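See below for the structure under consideration.
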Amino acid sequence: MREKENQAVQIANDLLDFVNVYGYQSRAFAETICRGHRTLQQSVMRLFMETIRQLSEVPYDERNEATVALAKEITFIAKHYPLPFI
């Protein structure tokens, strides 16, 4: 299990590095996800939603205040939309 956790941490850090460059290609990233297998799209959405849930609870200042506020709204709405593994 520790190996999977280490992999998750590495991928998260890679994503943080990806967005830490001016002009990163968010559209290409999103299009690639959207071309993926539908079951994987659902899994990616679950991953994004867990990230959003946790972002709704982080301490904030003016740099991430809008992110936290939006994450709270999305988390509220998402309670009505389960994302089962199919």
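The rows are residues; the columns are (1) aliphatic (A, V, I, L, M); (2) closer than 25 Å to Leu83 by Cα; (3) at pLDDT below 95.
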{"residue": "Ala12", "(1), (2), (3)": "yes, yes, no"}
{"residue": "Asp17", "(1), (2), (3)": "no, no, no"}
{"residue": "Gln25", "(1), (2), (3)": "no, no, no"}
{"residue": "Gln54", "(1), (2), (3)": "no, yes, no"}
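All conditions but one from (1) more than 24 Å from Glu5 (Cβ to Cβ); (2) touching a helix residue (DSSP H, G or I) at 6+ places or on another chain (Cβ under 6 Å) apply to Ala69; the one that does not is (2). Residues in the range 42-56: is at least one more than 19 Å from Ala12 (Cβ to Cβ) and either outside the structural domain of Ala12 (by TED's automatic domain parsing) or not in a helix (DSSP H, G or I) (or both)? Checked against the condition, which is being more than 19 Å from Ala12 (Cβ to Cβ) and either outside the structural domain of Ala12 (by TED's automatic domain parsing) or not in a helix (DSSP H, G or I) (or both), the range 42-56 yields at least one hit. For the range 44-79, the tally of residues that are polar (S, T, N, Q) and exposed (fewer than 14 other Cβ atoms within 10 Å of the Cβ) stands at 3.
Do you know which residues across the range 57-83 are polar (S, T, N, Q) and either in contact (Cβ under 8 Å) with a residue 40 or more places away in the chain or in a loop (DSSP other than H, G, I, E, B) (or both)? Let's see the steps before the verdict.
Filtering the range 57-83 for residues polar (S, T, N, Q) gives 64, 67, 75.
Residue satisfying the conditions is Asn64 alone.
The values are calculated or read from the model by the stated rules, or taken from the named source; none is laboratory data. Bear in mind the structure is a predicted one, so any value in this text is a computation, not a measurement. With ideal geometry, Cβ positions are generated from the backbone for all residues, glycine too; neighbour counts draw on all protein chains shown.
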